[in-house]
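Working notes for the structure below.
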Amino acid sequence: MHYNCLIVDDEIELAKMTCEYFEMFDVTCTYVATVRECEECLLKNTVDMLLLDINLGNGNGFNLCKKIREQSDIPILFISARQSDDDVLIALNIGGDDYIKKPYTLSVLLAKVKIILKRMVNSEPRKIQEYNRIRVDENVMKVYIEGKEITLKSREFRLFLCLFENRNKIVTKEQLFNQVWGNEFFSDGTLNVHIRRIREKMEEDPNNPKLIKTIWGTGYILEV
């Protein structure tokens, strides 16, 4: 099944009411109450965007958002009764696209959802880039080296894309942090772990990389 919107909220009656309202305006919608149900739904269906509560009883919307962001750039709007600015900042910094405080007005929420859906439809198609033996397809977030598919998680892909678009040039740590992590909290250790994971998937010998090389004290270079 394909849904425009998946609501993840353990306030079942509110989620059900929101779904019914959205359906009246041709926004296909379904809802789940737990982290596990959300993960199962995303595996079995295609979903354009999420409305995600923070307190889910058996889980935490923040943690779920972080996990989804490792694999997908799907729009995520947090819906929560938590009112503090700290909660809003955390939600936005871990990858949330917006934060709607409960109780929300159905018409206003629908308007926000429709704007995002329209933006997705009107967005320009991503591009396919090739250079020597490497092919990068942004449409499906895939990298191919000599025809072999390399499976990368969302953040790993964005990191490699930054290196690929600046291939044969030194890319500083600051450039990588700004493009891949934005305003989120980060550290050199976080970057090093992601580079290591990419090397393990691409390099014949990750301990002696030939593709992604470290420029000590500065950053990295993709040599192709």
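The values are calculated or read from the model by the stated rules, or taken from the named source; none is laboratory data. In this text the structure is predicted, and so the values were computed from the model without any measurement. Don't worry about glycine lacking a Cβ; one is built from the backbone with ideal geometry, like all the others, and counts go over all protein chains shown.
Within the range 47-92, being surrounded by fewer than 14 Cβ atoms within 10 Å (Cβ to Cβ), modelled with pLDDT of 90 or more, assigned to a loop (DSSP other than H, G, I, E, B) and not aliphatic (A, V, I, L, M) holds for one residue alone: SER84.
For the range 141-162, a residue qualifies if it is aliphatic (A, V, I, L, M) and touching a Lys or Arg at 6+ places or on another chain (Cβ under 9 Å), and the qualifying residues are MET141, VAL143, ILE145, ILE150, LEU152. Might you check whether a residue that is free of Cβ contacts under 8 Å to residues at least 40 places away in the same chain, closer than 28 Å to LEU92 by Cα, touching a Lys or Arg at 6+ places or on another chain (Cβ under 8 Å) and not assigned by TED's automatic domain parsing to the domain that holds ILE74 occurs anywhere in the range 195-215? No, the range 195-215 contains no residue that is free of Cβ contacts under 8 Å to residues at least 40 places away in the same chain, closer than 28 Å to LEU92 by Cα, touching a Lys or Arg at 6+ places or on another chain (Cβ under 8 Å) and not assigned by TED's automatic domain parsing to the domain that holds ILE74.
Can you tell me which residues in the range 1-44 are surrounded by fewer than 17 Cβ atoms within 10 Å (Cβ to Cβ), touching a Leu at 6+ places or on another chain (Cβ under 8 Å) and farther than 19 Å from ASN63 by Cβ? Answer for the range 1-44, where residues must be surrounded by fewer than 17 Cβ atoms within 10 Å (Cβ to Cβ), touching a Leu at 6+ places or on another chain (Cβ under 8 Å) and farther than 19 Å from ASN63 by Cβ: MET17, TYR21, PHE25. Taking only the range 68-91 into account, find how many residues are within 25 Å of ARG158 (Cα to Cα) and either in the same structural domain as ARG155 (by TED's automatic domain parsing) or free of Cβ contacts under 8 Å to residues at least 12 places away in the same chain (or both). Going through the range 68-91 one residue at a time, the tally reaches 2. One residue stands out in the range 200-212 among those that are surrounded by 13 or more Cβ atoms within 10 Å (Cβ to Cβ) and in contact with an Asp or Glu (Cβ under 9 Å, 6 or more places away or on another chain): the one that is nearest to ASN132 (Cα to Cα), namely LEU211. When LYS210, LYS153, LYS118 are screened for being farther than 28 Å from LEU50 by Cα and either among the charged types (D, E, K, R) or over 23 Å from the mean Cα position of the chain (by Cα) (or both), only LYS210 passes. When residues in the range 42-59 are screened for being more than 23 Å from LYS114 (Cα to Cα) and either touching a strand residue (DSSP E or B) at 6+ places or on another chain (Cβ under 8 Å) or touching a residue at least 24 places away in the same chain (Cβ under 8 Å) (or both), 6 of them pass.
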